[in-house]
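Asker: What follows is a structure written as structure tokens; I'll ask about it next.
The values are calculated or read from the model by the stated rules, or taken from the named source; none is laboratory data. Just so it is clear, the structure is predicted and the values come from calculations on it, not from any experiment. We work out accessible area using only protein heavy atoms, side chains counted, and drop any ligands, DNA or RNA first. Shrake-Rupley method; radii C 1.70, N 1.55, O 1.52, S 1.80 Å.
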Amino acid sequence: MIPAHSIPVRSIPSRRQAMFGGIISTIIIGAVIGILARFFKPGADPMGWILTILLGIAGAYVGSLIYGGGGFIGLIVSVVCAIVLLFLYEFIRSKSAKS
């Protein structure tokens with residue numbers, strides 16, 4: 001029998017730590033997807049880092065609604081959705097600039 005004091009106890013993250021980790025990982029994944037979408041879409045995109053991250057987060061969310069699996073295919077679907085959202089953003093922006 002193993003003595004109780006020799007069994008390592010893993011600390012359970014608090015709710016705040018779990019939420020903070022979730023927010024940070026969402027921002028990082030959103031940034032990666034947004035950067036990939038801007039890289040693969042032709043043309044110049046005059047948007048900053050914050051809009052790129054928001055674009056990637058939105059693309060990942062829509063991609064997860066379309067393909068809930070994840071993995072490499074989920075990443076591809078998320079990037080494609082972010083590219084579509086980027087085209088939509090540019091369309092709306094060009095419409096408002098002409099008005």
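Asker: Let me check something: with ligands and nucleic acids excluded, how do Phe87, Phe72 order by accessible area (1.4 Å probe), largest to smallest?
Answerer: Final ranking, largest accessible area leading: Phe72, Phe87.
Asker: May I pose another question? Multiply the residue gap between Ile76 and Val32 by 0.36 nm, knock off their C-alpha separation, and tell me the result in nm, one decimal place.
Answerer: 14.7 nm
Asker: Might you tell me the accessible area per residue for segment 17-98, computed with a 1.4 Å probe and given in Å²?
Answerer: Roughly 66 Å² per residue, with all protein chains present.
Asker: Now a separate question. Note down the Stokes-Einstein diffusion coefficient of segment 39-86 in µm²/s, whole number, using a Kirkwood radius over alpha carbon pairs, 37 °C, and 0.692 mPa s.
Answerer: Using the Kirkwood radius from Cα pairs, D works out to 302 µm²/s.
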